[in-house]
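Taking it in order: structure first as C-alpha cells, then the write-up.
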Amino acid sequence: MKKDYTHLCIVLDASGSMESIANDIKGSFNALLAKQKEAKGKTVFDLFQFSDKVTHLVKSADLSDFSDDLMGKYTCFGCTALNDAVCTAIDTLGRNFAEMPESERPEHVLCVIITDGYENASREFTADDVKERIEHQRNKYKWNFNFLAADQDVWATGRTLGFQRDQCISFARSSVGVEGMAKNLCCAIDHVRSSRLADLDIMPDDDLMKDSDEDIEEFLNKNS
C-alpha cells in the first residue's frame, strides 16, 4: 500500500428529482474537492453519476494536478439505477487497483453513495449484489463506505445494501442540507485519511430532515 494515498469515489444520484439541488451539489462538492486538494498526501477522485444509466464522469483524477471543474458535467434526468451504479463503481475501482503493483495501491479507499430516491431502474444488479460487494471490500480490503440519502429512512435502505448503521446519514434536500452533507463528508474523509472511524458529530437523521434552515445553520457553524 502507498502511504498517504487516499482514493475517494463518489457515486452520485443524477435522477430528475435531484435537479432542484443540482447547483448546490456542484458548488458544495467543488468546495469539498478544493479542500481535499490541500490535504497532506495524494488524493485521487472518481465520480460516477447515475440515473437510468451509469456514467463514469471523472476517472482517477489526482487532485494535486487537476484544475478543471470536476463537477461541471453533472446533469440530472431520468430514474434511479442505484444498484447498477454502486456495483459498477466498486467493480471498476477493484479492477483498477488489481492492475496496480501492491506498493502503489491506495492506503485508504472511501466510497460514498449519495441519493434522494429509491432504486427503480437497475437492469444488471440487485440489492444482494450491492451488499455482497460492499461486505467483501470492507472485510477483505478495508474499504470505507458511507450512504447519504434524502427523503427516505436512510438506515432501512442502507442496511439492505450492506451499510453499517453509522455509515448511513440522512440529509435535507435543500441548499443548507446539501451544505451540511458536504461538510460531514469532508469530516469523514479526514477521519478515514487519519485511519480513524468516521464517528461524526452529526445531527440525528430525523432532526436533520425536519429542522428549520436556522437550526441547521447553527449546526453547521458548530461543526465548521
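The values are calculated or read from the model by the stated rules, or taken from the named source; none is laboratory data. Quantities reported herein were computed from a predicted structural model and do not represent experimental measurements. Here Cβ is always computed from backbone atoms with ideal geometry, including for glycine, and neighbour counts include all displayed protein chains.
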Does any residue of segment 140-152 turn out to be modelled with pLDDT under 90, closer than 25 Å to Glu38 by Cα and touching a helix residue (DSSP H, G or I) at 6+ places or on another chain (Cβ under 8 Å)?
-> no
Residues of segment 49-81 satisfying the condition of being among the aromatic types (Phe, Trp, Tyr), within 16 Å of Glu119 (Cα to Cα) and touching a strand residue (DSSP E or B) at 6+ places or on another chain (Cβ under 8 Å) = Phe50
May I ask you to list pairs of residues, at least six apart or on different chains, whose Cβ atoms are under 8 Å apart, with the first in segment 93-110 being under 17 Å from Ala188 (Cβ atoms) and the second being basic (Lys, Arg) and assigned to a loop (DSSP other than H, G, I, E, B)?
-> Val109/Lys142
Pull up segment 132-181, narrow it to residues that are of a type in the set (S, T, N, Q) and assigned to a helix (DSSP H, G or I), then point me to the one that is farthest from Ser17 (Cα to Cα).
-> Asn139
State which residue is farthest from Gly158 (Cα to Cα) when the search covers only segment 61-82 and only residues that are under 15 Å from the mean Cα position of the chain (by Cα) and free of Cβ contacts under 8 Å to residues at least 60 places away in the same chain.
-> Leu70
In segment 10-47, the residues that are over 16 Å from Ala149 (Cα atoms), of a type in the set (A, V, I, L, M, F, W, C) and under 15 Å from the mean Cα position of the chain (by Cα) = Ala31, Leu32, Leu33, Val44, Phe45, Leu47
